[in-house]
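Visitor: Take this structure, written in structure tokens, and hold onto it; I'll ask about it next.
The values are calculated or read from the model by the stated rules, or taken from the named source; none is laboratory data. If you're wondering where the values come from, they're calculated on a predicted model, not measured in any experiment. Glycine also receives a Cβ, built like all others from the backbone with ideal geometry; neighbour counts cover every protein chain displayed.
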Amino acid sequence: MVNLRGSMDTNKILEQISINKLDRLEYPYLIAQLCVLNNKPYEEIKVVVDELVKDGKVVLNSQKDDGLVYKTEIETKTISQNDYVAKGKKQFKKFKKKSKKEIVSDYFEESEMLDDAYKILKIDPKKHKRKFNYQKIEGKISGTSKGYAFLIPDDVNMQDIFIPAKSLKGALNGDRVIIETVPSGKRIEGKVVNIIERANEKVIGKIKLTKTCAYVTPDDVKFGMDIVVPLSKTLNADNGEKVVVTITKFGLKSSEGIVTEVLGEPNLIETEVKAIIRSYNLFENFPKKVQESAENLPVEIHKEDYPNRKDLTDELIFTIDGEDTRDIDDAISIKANNDGTYTLGVHIADVGEYVKFNNEIDQEAFKRGTSVYFPGLVLPMLPRELSNGICSLNERVNRLALSVIMDIDQKGDVINHSIFESIICSKKRFTYTEVQKILEKDPVACENNKQFTGALWNMHKLSQILMKKKHNLGYIEFDIPEVKVELDALGNVVNLSKRKSDDGTKLIEAFMVVANETVAEHYAKLKAPFVYRVHETPSSEKMNNFLNLVKKLGITTMANPEAVQPKELQTILNEANTLDSKDMVNRVCLRSLKKAKYSQDCLGHFGLASKFYCHFTSPIRRYPDLTIHRIIKDDLHGELVGKKLSDTKNFVIVSSINSSEREVVADDVERDVDDLYKVFYMKEHLNEEFDGKVSGVTAFGVFVELDNTVEGLVSLTDLPEDEYEYIEEEYKLQGKKNTFVIGMPVKVKSVRADILSREIDFVLV
């Protein structure tokens with residue numbers, strides 16, 4: 001930010017504050033008045049005022065919802081708030097009540113404040129021309145259904161910028177562009193001057209056939225225009241069907257394209273799921289060359305072909321997974337030692353033995369980045385010949401693995417470890433349900449699994465030791481229910497429920513965490529290039545807001561938002577378990593943390609309270625795991641030297657960035673499909689009554705979550721008639737007669753379930 005103190009008379013600014021009695025104004029309105037008086041842009045005046053505050057020449061008096069109130073050291077008389085302040089508060093309150101779709105850039109408010117300042121000071125803005133700095137700004141277009149759009153600047157410190165439809169110059173939702181800012185009446189607007197990169201070469205929508213041509217109306221209402229398709233390029237799609245259209249020519253008012261896939265009749269689950277998947281450019285099948293490469297891989301392991309691997313095929317090794325798991329990439333073993341320690345073995349499918357760097361399968365795996373999971377459907381990262389075949393640790397077949405053997409004491413500390421290539425043979429494929437029964441000492445389950453009960457009980461003891469250690473360090477365990485979607489044979493949604501976590505799932509989680517930590521620490525100390533899973537310390541601003549919230553809920557904490565510790569957040573969440581608003585506290589806490597990502601730097605994992613952490617245990621379904629498997633194998637073979645070491649360092653950076661981006665895509669598409677299934681379920685339960693809790697509060701209504709995880713909106717217009725004020729920092733909608741706050745139990749009736757928007761509406765009962 002430019003230092004302007006040399007070019008502006010700060011004493012004059014202080015004098016203006018005193019003479020015009022600006023000391024009582026809210027911070028942004030004070031700046032607006034000074035902009036007009038000094039014929040300077042808003043941002044320049046803001047810099048000067050902020051520096052005066054920093055130097056103590058303008059002293060902070062109090063803090064308010066929309067800014068700060070300052071008092072100068074110059075003697076001023078105590079005055080009541082003038083008409084301008086009253087008007088400003090009224091405008092702000094009105095702005096708060098606007099619907100979500102009506103809320104636009106903060107630039108609008110800024111311009112309105114400046115216009116009001118001219119009126120109050122009785123200055124003609126045409127004669128007193130305000131200065132304006134034209135800027136070129138790069139970012140992404142965020143479209144709207146009404147034709148206009150906003151620029152989301154790459155600079156996270158900048159506000160979104162409004163772009164009228166006429167100024168888009170053919171730019172569409174998601175496109176990367178350069179805009180130029182221009183003043184326009186009461187707002188600052190942008191106009192597109194260059195389209196750098198198109199985001200949507202393929203679009204999903206309904207096709208409409210006419211006598212001369214066809215039109216595809218995109219499902220994404222933000223796209224902003226139909227696509228014209230020649231009748232010869234429709235792939236014989238029927239009128240009204242959903243299709244994938246590839247754009248061949250972009251235009252200002254309409255674009256041209258060809259149909260490349262017919263998805264089917266709209267409003268059917270199969271069609272709509274496929275439409276979501278295609279909208280993220282994801283596919284079930286693999287390119288022909290990739291598939292052919294996979295089909296040429298071996299289908300079984302012969303031990304004599306691997307004389308240098310440690311043979312663990314006689315060890316009691318087994319797997320524990322969900323009932324519907326097909327890609328089994330982790331197996332475990334255990335031995336209880338006489339000195340009270342345990343020897344834990346974590347054996348991970350050696351995918352790197354088959355997927356060599358930059359071969360055809362690897363290139364496709366890099367592109368996909370991760371497997372994506374939906375109810376009844378998986379989009380695998382690797383062809384099924386690998387993910388369900390030669391790499392899957394199936395029962396009673398030999399498989400290649402990377403094994404981590406750890407000696408762990410009664411404190412949960414790893415006192416010794418080794419990492420090596422192995423051959424294993426899983427003796428049993430357990431499900432979480434079976435393991436849970438054995439841990440509960442169900443007589444039938446124990447009788448049927450005599451060979452394994454001792455090992456499972458020892459594993460349970462060790463997992464509790466490991467989890468106790470993690471909780472003592474501050475491991476944050478969120479209580480946020482996930483939806484379990486149950487489908488019938490035809491793919492229809494028959495039930496929604498909360499996915500349960502039991503000792504069987506926690507056992508595997510504890511073992512995978514300690515293996516990931518051990519491998520990460522090993523290679524961090526070797527200073528080898530590596531892909532780490534990192535979760536950085538949360539920002540002080542978000543933590544401050546979260547801590548203020550929990551204090552208002554009656555939870556006592558001495559946590560410092562500038563240096564909050566995982567243990568402190570864990571304590572808060574434990575206390576929140578007794579509150580009706582516990583789900584909200586968990587969600588707000590999670591949103592207050594930074595998103596975990598992949599990095600070439602070992603930055604630790606805040607949420608797991610881990611100094612060293614990586615993803616080592618799932619190379620069948622995650623590319624970063626595959627990346628570090630190849631690094632480990634190169635290290636074990638003494639090949640991580642010279643040019644290979646240099647190339648690996650460079651690739652680790654690329655892999656970290658790509659894997660983080662692909663993970664975000666997978667999360668988004670999985671969430672969209674889950675939301676779609678919830679809509680289909682609720683369409684069969686319209687006009688039924690449900691118990692729920694307020695899960696979100698906004699200026700345009702309240703969100704209610706049902707026990708089955710379905711969330712819907714009760715619009716402001718459907719709430720009891722009242723004068724409501726949205727109090728954002730308290731997650732509250734406050735009226736004179738009614739108050740709605742997160743966690744509050746309510747009874748609702750379902751009235752709308754829209755497939756295209758994936759929105760559900762309720763009304764209060």
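Visitor: Considering (1) crowded, with 21+ Cβ neighbours inside 10 Å; (2) over 24 Å from Lys367 (Cα atoms); (3) among the β-branched types (Val, Ile, Thr), say which one Val652 fails and leave the rest.
Guide: (2)
Visitor: Among the residues of the range 388-407, is there at least one that is in contact (Cβ under 8 Å) with a residue 60 or more places away in the chain, within 29 Å of the chain's Cα centre (by Cα), assigned to a helix (DSSP H, G or I) and buried (at least 20 other Cβ atoms within 10 Å of the Cβ)?
Guide: no
Visitor: Considering only residues that are in a loop (DSSP other than H, G, I, E, B) and among the small types (Gly, Ala, Ser), look in the range 560-609 and name the one that is farthest from Phe703 (Cα to Cα).
Guide: Taking the range 560-609 as the starting set, the residues that turn out to be in a loop (DSSP other than H, G, I, E, B) are 560-565, 577-581, 593-596, 600-604, 606-609.
If we keep only those that are among the small types (Gly, Ala, Ser) as well, we get 563, 581, 596, 604, 607, 609.
On the way: Ala563: 32, Ser581: 13, Ala596: 27, Gly604: 35, Gly607: 27, Ala609: 32 Å.
The extreme case among them is Gly604.
Visitor: For the range 360-383, which positions are at pLDDT 95 or above, out of contact with any Phe, Trp or Tyr (no Cβ under 7 Å at 6 or more places or on another chain) and not aliphatic (A, V, I, L, M)?
Guide: Those that are at pLDDT 95 or above, out of contact with any Phe, Trp or Tyr (no Cβ under 7 Å at 6 or more places or on another chain) and not aliphatic (A, V, I, L, M): Glu360, Asp362, Gln363, Lys367, Arg368, Ser371, Pro380.
Visitor: For the range 270-307, give me each residue that is in the same structural domain as Arg384 (by TED's automatic domain parsing), over 27 Å from Glu360 (Cα atoms) and not charged (D, E, K, R).
Guide: Listed by number, the list holds a single entry, Pro307.
Visitor: Here is a list: Phe511, Phe478. Which entry is of a type outside the set (S, T, N, Q) and either assigned to a loop (DSSP other than H, G, I, E, B) or loosely packed, with under 14 Cβ neighbours inside 10 Å (or both)?
Guide: Answer to the selection: Phe478.
Visitor: Now for a different question. Return only the number of the condition from (1) assigned to a helix (DSSP H, G or I); (2) at pLDDT below 95; (3) not small (Gly, Ala, Ser) that Lys253 does not satisfy.
Guide: So Lys253 meets the others, but not (1).
For every residue, the table says whether it meets (1) surrounded by 18 or more Cβ atoms within 10 Å (Cβ to Cβ); (2) hydroxyl-bearing (Ser, Thr, Tyr); (3) not in a strand (DSSP E or B).
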{"site": "Val665", "(1), (2), (3)": "no, no, yes"}
{"site": "Glu670", "(1), (2), (3)": "no, no, yes"}
{"site": "Met682", "(1), (2), (3)": "yes, no, yes"}
{"site": "Gly692", "(1), (2), (3)": "yes, no, no"}
{"site": "Thr709", "(1), (2), (3)": "yes, yes, yes"}
{"site": "Glu721", "(1), (2), (3)": "no, no, yes"}
{"site": "Lys736", "(1), (2), (3)": "no, no, yes"}
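Visitor: Same structure again: Do you know which residues across the range 657-716 are within 21 Å of Thr370 (Cα to Cα) and among the acidic types (Asp, Glu)?
Guide: Step one: list which residues in the range 657-716 are within 21 Å of Thr370 (Cα to Cα), which gives 657-675.
Within the range 657-716, Glu661, Glu663, Asp667, Asp668, Glu670, Asp672, Asp674, Asp675 meet the criteria.
Visitor: For the range 272-328, which residues satisfy the criterion of being among the acidic types (Asp, Glu), out of contact with any Asp or Glu (no Cβ under 8 Å at 6 or more places or on another chain), part of a helix (DSSP H, G or I) and exposed (fewer than 14 other Cβ atoms within 10 Å of the Cβ)?
Guide: Glu292, Glu304, Asp305 - these are the residues of the range 272-328 that are among the acidic types (Asp, Glu), out of contact with any Asp or Glu (no Cβ under 8 Å at 6 or more places or on another chain), part of a helix (DSSP H, G or I) and exposed (fewer than 14 other Cβ atoms within 10 Å of the Cβ).
Visitor: Exactly one condition in (1) more than 24 Å from the chain's Cα centre (by Cα); (2) touching a residue at least 40 places away in the same chain (Cβ under 8 Å) is false for Ala559; which is it?
Guide: Every listed condition holds for Ala559 apart from (2).
Visitor: Just one of Phe703, Phe651 is out of contact with any helix residue (DSSP H, G or I) (no Cβ under 6 Å at 6 or more places or on another chain) and either aliphatic (A, V, I, L, M) or part of a strand (DSSP E or B) (or both); which is it?
Guide: On the way: Phe651 fails: either aliphatic (A, V, I, L, M) or part of a strand (DSSP E or B) (or both).
That would be Phe703, the only listed residue that is out of contact with any helix residue (DSSP H, G or I) (no Cβ under 6 Å at 6 or more places or on another chain) and either aliphatic (A, V, I, L, M) or part of a strand (DSSP E or B) (or both).
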